[in-house]
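Heads up, the thing below is written out as structure tokens.
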Amino acid sequence: MLSFISIISLAIVVAICALGLYHRAFNDNLLQCLGMSGLVLFCISRIRWIWAFGVDDPSWTGLHASIALYAIGTLVKVTISHGRAQGWSFIAKFDEKLQARKTGAGDFDSKPHHWWAP
């Protein structure tokens, strides 16, 4: 099971990094592109290792999953930012729902308070 989680996590990182290297929404500098390229190569070699020998240390699975979550979070952030700039309707609807749920700092009601909404 740990091998499966690691392989899926690393495959997610490879896909998101490849997207980040080629999509214009990611405004990366040269060092970031080189870092993502290195991460893609590392992930591919690690997937091959895990496929052949399995996970040698369970803590690696936690690292692989954490890197995948970070990549997913970055993808969401870039997608929302790029979507706002491009005027995507589903991002505008998402923003409207966030604004409708926002409450004041001292208000107590049934709505949850979102720390990320300005």
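Listed from fewest to most Cβ neighbours within 10 Å, the set CYS33, CYS43 follows the order CYS33, CYS43. Working from label points 7 Å from Cα in the Cα-to-Cβ sense, the SER59 to MET1 distance is 2.2 nm. Of the trypsin sites (Lys or Arg not before Pro) found in segment 1-61, those that fall in a DSSP loop while having at most 15 other beta-carbon atoms within 10 Å are ARG24.
We did not get these values from a lab; they are worked out from the coordinates using the rules stated. All values reported here derive from a predicted model rather than from experimental measurement. Positions of Cβ are backbone-derived with ideal geometry, glycine not excepted, and every protein chain shown enters the neighbour counts.
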